[in-house]
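Reviewing the structure listed below.
The values are calculated or read from the model by the stated rules, or taken from the named source; none is laboratory data. All figures in this text were calculated on a predicted structure; none of them were measured in a lab. Here Cβ is always computed from backbone atoms with ideal geometry, including for glycine, and neighbour counts include all displayed protein chains.
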Amino acid sequence: MSSVDFTALMPLLIISVSSVIILLNVAMKRNHFVSFLLSLIGLAVAFVSLWSAGTVAPRQVTPLLIIDTYALFFMGLIFVASIVVAILTYNYLRYHEGAKDEIYIVLMLAVLGSGVLVSSTHFASFFLGLEVLTISLYVMIAFLRSSEFPLEAGIKYLILAAASSAFLLLGMALLYGELGTLQFADLADRIASGPGENSLFVLTGTALLLTGAGFKLAVVPFHMWTPDVYEGAPAPVTAFIATVSKGGIVALLLRYFLLTSGYSLNTVLIAIGFIAVASMFVGNYLALMQENVKRLLAYSSIAHLGYLLVAFVAGGALAVEAISYYLVVYFITTLGAFGIVSLLAETGSEKTSIEDYRGLFWSRPWIAAAFTAVMLSLAGIPLTAGFVGKFFVVTAGVSAAQYGLVILLVVNSAIALYYYLRLVVAMLSSPDGEEAPVLPGISLSGKLLLVGLTGALIYFGVYPSPLVQLIRDMMAAVL
Amino acid sequence: MILLWLILIPIIGGVLAWIFGKVNPLLSRWISLIAMILDLILAVVIWIQHPAQIALENQGGWLLQFQAPWIPQYGIGFYFGLDGISLLMVLLTAFLGVVSVLASWSDIRERVGFFHFNLLWILAGVTGVFLALDLFLFYFFWEMMLIPMYFLIAIWGSANRIYSAIKFFIFTQASGLLMLVAILGLYFTHFQNTGVYTFDYTELIGTSIPSHLAMWLMLGFFIAFVVKLPAVPVHTWLPDAHTDAPTAGSVILAGLLLKTGAYGLFRFVLPLFPNAAAQIAPFAMILGAVGIIYGAVLAFAQNDLKRLIAYTSVSHLGFVLIGIFAFNELAFQGAIMTMICHGLSTGGLFILVGIIYDKIHTRDMDRMGGLWESVPRMGAVAMFLAMASLGLPGLGNFVGEFLALIGAFQVNIPVTAVAVVGLVFATVYSLWIIQRTFHGEQRESWELPDLSIRNLAVMASMIIILIWLGLFPKPVLDTARPALQKIERGIIPISQVEDQTPNPGMSRNLSDNPLHIAEPVNHNSAEQEGT
C-alpha cells in the first residue's frame, strides 16, 4: 500500500483509531463526557479528512475497497448522522447509572462497518463491513442490560441478523460458484459471457443477496423484527439503526446494481418492485393502528424504504440522484424524530405513547414545532425537505415510465398523511381538564441539535439546489 | 419584483404577527391588517397602472413577470406572471384577506399570534398559486396553503374540527399528488420532444402530446382542480371543512381556496390540453349541472346555517364549471364574475353566521327566528347578501351566472336548462335562510348586539362592490378579456377559425347540438350584456 492509499483510506483509519483510543481511555479512567468527546472528535476529524481523501479519489485500494466521490458522499452522510447519534446518546445516558462509556466504542465500530459498506466493491468487504456493523449493533441495542425490552430487542435482532447473514453468504457462494469471481465489476462480464442472465444460479444468488439486504433494510416481507427492535432499543440507537445502518446498505446495493449491470436482470427488478409496493402498503397500513410513537416510526420507515425502492427500480441517473437526495432527507427526518423522542426521555422511561405528546404545542412550543416540521417532512409537505425528496422520487419513477408504482406511491402518501397528522393533532389539542403531561426540559446541546436538524429540513426544502448539485457531482463517479 | 412582494408581504406579516402576538394580541391583529391592506393597495395600483389590453400585446401575454433561478438542475425557477385573470384573483385575495382579518378581530381570542400567522400564510400560498407560472412552483404553493388551513380548522374550529381538518387535508393532498404525477408526465414528454428539462409554463404550453397520454395527464390536473372546486362526487370534504372552520377560515375556503380550482382549470387544463379538455367538456358540464342541483337540494335540507351556506357553494361553483367548459368568451367571463361575486356574497354570509354563533352559540336554524327585531342592521345585510346569492339582477352574481348560462346555452342546451332550474332552487334556499332566521316567531329570546361599526364597514364594502359589479361590470370584464380570448384561441386553433371550419375536437362533442356555432362569439356582446 502506498501513501496515496493511506490518504484515501484516512477517514476509515481515523474512525478505527479513535475507537481504540476510546477503548484505552476507558481502560484507564471512566469518564462519560471524555468518551463522548473523543468519539465526537474522531468523527469530526474523519469528516474533515474526507476532503483530503477527495483529492486522490477515485482510488481503488486493494481489490476490496474503492474510495470514490460516491463513497465519500455517503461516508460524509454517515459521519454527520453519527455525530448526531453521539450527541443524542450522551444526553440519553447522562443520568443513567452504570457503565456507559463502551457504547461509544461500539458506535465507532458500527460507523466503521457502514463506511466499509459504502466503499466496497467486493463480496468480501461487503460481508466484512456488514458483520462489523451488525455485531456492533447487537451490543448497542442491548446496551441497557438492566431493562427488559432492550435485551429482548437485542436477542431478536441477533437471531434475525444472523439468519439474514446466512442468506447473504449462501447467495454470494452461489454467485461465486457459477461465475468464479467476488469482484462486483467482473460479475457483469462473467454473466454476459457465461451462463447468461436467466441462469438459475445467478437468479437464485441475487435473490438470496436481496433477501439478506432486505432484512437489514426492513422491507416487507423481511420486516418482522423492525417494530420490536425499534421499540426496545434505546431511542438514540434506534435512530442509528434507522439511518446509518440502512443508509449503508442502500448505498451498497445501488453500487452493486450499477456495477454488475443488475438493471438488466428483469426478474430481479420486478421482485424489487413487488417488495416496494408491499413495503409501502404494509408499512403505512400498520402504522395507522399504532399508539406507540416508536412503533409508528418503525412502520413509517418501512414505508419510506418502499418509496425509495420505487426510485431504485426506475434506475438511471435521475434515480441515483433521487435515491441520494431521499436518503439525505430520510436521515435528517428520522434523526429528528428519534432525536426528539430520545431528548424527551427521562432516565429509565421514554415518552413513547402518542398521549404523552398531547398538548405539547402549548407546553413546549419549540419542540412541538420541530416535531411538526419532522412529521410534515415525513409526509412530504412543501417547505420541508421531505417534499423535495418525494418529488425527486416521483420524478425518477415517471422518467422511467413506472406509472403503476408512482400511482401506488401517491395513494400511500395519502394514507400516510393520516397518521402523521394524528401526531400533529395530538400535539395541538389542548389537554382537556386533566393535567398536561409534564415533559422534562432538554439540554442546550439537544436544543442546538434540534435547531440544526429543523433548519436543515427547511433549508433543503426551500433551496435544494446546492445539495442537488453536490449530489450530481458526487454521483458522477458511478454513472 | 412587485409580484414577489405580493407574496412576501403576507409571509413577512405573518411571521411578525406571530412574534408580536406574544407581546400583545392586538399588535398581531394590527400587523396582519396593515400587511393585507398594503397587499390590497399594491394589487389595486397594479390594476390601475396596467390597462390589460395594451400591456398584453407588448409583453407576450403577461402584464408583469418575475423570473429567478431556483433549482436550475431540474429546470425549476421562481417564475411568476400576472395576466388579467390572475390580477382579478389577486385583488379578490387581498380584499378577502383584509376582510378575514377584520372578521376575526373579536372572534379569535386564543393564540392570536399563531392564528394570524396561519391566516397570512394561507393568503400568501393562495396568491402564489394565482401567480406561479412554473409548474413546480405552482404545485409548491398549491400544497403549501394546505398546512396553515389545516391548522386553522384543527385549532380554532368548532366541534368536529379534527375530523374535518384531516378529511380536508387528505382529499386535497391526494388529488394534488395526482396532479404532480401529471405535471411530471408533461415535463418528460416535453423533454422527449425538445431535449430540454423545464417546468416553465410558457415553454410547456405548446408541447405536442400523444392524444391518449394527453387525456391521462389532463385528468390528473382535472381531478385535482375539481376536488378543490368542488364538483360532485368529490365535494364531501367541503361541508365538513366549511362548517367546522372558524369564520375567517370559512371565508377563505369559500372565497379563495375553491377559486384556486377554477383558476387551475383556466390556467392549466384548457391551455395545456385543449383537445383532451374538449373531449371531456360535455362530461364536465354535466358534472357542473349535477353540482348545481345537488348542492341546492342538500342546502335546502340543512338545519345548520353554516352547513347550508357551505352547500350553496357547491351549487354556485357548478355555474363556474359549466362556464369554463362551455369554451366561449361569454361563458368564461361569466365564470370569472361568478368566482369573484360568490367569494364576496358567501364570505359575507359566513361572517354573519360567525357573528350570530359567537353570541348565541348555536347554528341551528330551528332555534333562531325573529332575529330581525333585535338586530335590524344585521337582518338587512343578510337579506342583501341572500339576494345577491340567489342572483338578483343588478347585483354581481346575476351578471356572472347570466353570462355563464348564455355562453353555455350556445353549446349545450340540456345542461343549461338544468342549470337554470338551479337558479330557482337558489331563490328558495336563500329566502328560506332569511325566513327561518330573521323572520317569523322568535323561538328563543336571544339578546344579541347588532353589527358593530367595524363589521358594518366590512359589510358595506362588500355590498358596494357587489352593486358596482352588478351595474357596471365593464372594468372586470375588460381586465379578464385579453387573457380569456387567448385561452379561447388556444382551444380553437387559429388556422381552423380562419377556414371557418369547426375544430375536430369541438365538433365531435357538439355534433348533436343543433345550435352549435363554430365561430368564436362576438366579443362585443359581453360588453353589451354587462353594461
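Does B:Ile166 satisfy the condition of being facing another protein chain (nearest Cβ under 8 Å), touching a helix residue (DSSP H, G or I) at 6+ places or on another chain (Cβ under 9 Å) and either more than 25 Å from B:Ile487 (Cβ to Cβ) or basic (Lys, Arg) (or both)? Give the steps one after another, and end with the answer.
On the way: facing another protein chain (nearest Cβ under 8 Å): yes; touching a helix residue (DSSP H, G or I) at 6+ places or on another chain (Cβ under 9 Å): yes; either more than 25 Å from B:Ile487 (Cβ to Cβ) or basic (Lys, Arg) (or both): yes.
So B:Ile166 passes the test.
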Test A:Val116 against the stated conditions and say whether it is part of a helix (DSSP H, G or I), farther than 22 Å from A:Thr238 by Cα and not assigned by TED's automatic domain parsing to the domain that holds A:Leu343.
no
Taking segment A:401-413 and keeping residues in a helix (DSSP H, G or I), more than 7 Å from chain B (Cβ to nearest Cβ) and in contact (Cβ under 8 Å) with a residue 40 or more places away in the chain leaves A:Leu405, A:Leu408, A:Leu409, A:Asn412
I need the full set of residues from segment B:142-197 which are without any contact (Cβ under 8 Å) to a residue 60 or more places away in the chain and of a type in the set (D, E, K, R), in order please.
B:Glu143
Number of the exception - B:Leu64 against (1) out of contact with any strand residue (DSSP E or B) (no Cβ under 7 Å at 6 or more places or on another chain); (2) touching a residue at least 40 places away in the same chain (Cβ under 8 Å); (3) buried (at least 16 other Cβ atoms within 10 Å of the Cβ); (4) of a type in the set (A, V, I, L, M):
(1)
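Going by the conditions given, is B:Gly407 part of a loop (DSSP other than H, G, I, E, B) and not β-branched (Val, Ile, Thr)?
Numbers: part of a loop (DSSP other than H, G, I, E, B): no; not β-branched (Val, Ile, Thr): yes.
Spelling it out, it is not the case that B:Gly407 is part of a loop (DSSP other than H, G, I, E, B) and not β-branched (Val, Ile, Thr).
Yes or no: segment B:431-450 includes at least one residue that is of a type in the set (A, V, I, L, M) and closer than 20 Å to B:Gly288 by Cβ. Spell out the reasoning first.
Filtering segment B:431-450 down to residues of a type in the set (A, V, I, L, M) leaves B:431, B:433-434, B:448.
With closer than 20 Å to B:Gly288 by Cβ added as a condition, the list becomes none.
Checked against the condition, which is being of a type in the set (A, V, I, L, M) and closer than 20 Å to B:Gly288 by Cβ, segment B:431-450 yields no hits at all.
Sort through B:Phe319, B:Phe300 and tell me the only one that's modelled with pLDDT under 90 and among the aromatic types (Phe, Trp, Tyr). Show your work before the answer.
Details: B:Phe319 fails: modelled with pLDDT under 90.
Just one listed residue meets the conditions, B:Phe300.
Just one of B:Phe268, B:Phe225, B:Phe283, B:Phe221 is in a helix (DSSP H, G or I) and free of Cβ contacts under 8 Å to residues at least 40 places away in the same chain; which is it?
It is B:Phe283.
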If only one of B:Trp121, B:Trp156, B:Trp142 is within 11 Å of another protein chain (Cβ to nearest Cβ) and touching a Ser or Thr at 6+ places or on another chain (Cβ under 8 Å), which one is it?
B:Trp142
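Here's the yes/no breakdown for (1) without any contact (Cβ under 8 Å) to a residue 12 or more places away in the chain; (2) part of a helix (DSSP H, G or I):
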| residue | (1), (2) |
| --- | --- |
| B:Leu352 | no, yes |
| B:Gly394 | no, no |
| B:Ala417 | yes, yes |
| B:Gly422 | no, yes |
Which residues, counting only those in segment B:175-201, are facing another protein chain (nearest Cβ under 7 Å) and buried (at least 19 other Cβ atoms within 10 Å of the Cβ)?
B:Leu177, B:Leu178, B:Leu180, B:Val181, B:Leu184, B:Gly185
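Among the listed residues A:Thr69, A:Thr55, identify the single one that is out of contact with any helix residue (DSSP H, G or I) (no Cβ under 6 Å at 6 or more places or on another chain), in contact (Cβ under 8 Å) with a residue 40 or more places away in the chain and surrounded by fewer than 23 Cβ atoms within 10 Å (Cβ to Cβ).
Numbers: A:Thr69 fails: out of contact with any helix residue (DSSP H, G or I) (no Cβ under 6 Å at 6 or more places or on another chain).
Just one listed residue meets the conditions, A:Thr55.
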Segment A:380-400: number of residues that are within 8 Å of chain B (Cβ to nearest Cβ) and outside any helix (DSSP H, G or I):
3
Subset of segment B:292-308 [closer than 19 Å to B:Gly400 by Cβ and out of contact with any Phe, Trp or Tyr (no Cβ under 6 Å at 6 or more places or on another chain)]
B:Ile292, B:Ile293
Mind checking which residues of segment A:322-374 are of a type in the set (Val, Ile, Thr) and more than 28 Å from A:Thr395 (Cα to Cα)?
A:Ile340, A:Val341, A:Thr347, A:Thr352, A:Ile354, A:Ile367
So which of B:Phe115, B:Phe151 is facing chain A (nearest Cβ under 8 Å) and either on the phi > 0 side of the Ramachandran plot or part of a helix (DSSP H, G or I) (or both)?
B:Phe151
Candidates B:Ser106, B:Ser100 - the one that is surrounded by fewer than 23 Cβ atoms within 10 Å (Cβ to Cβ) and either more than 14 Å from every other protein chain (Cβ to nearest Cβ) or closer than 29 Å to B:Ala182 by Cα (or both):
B:Ser106
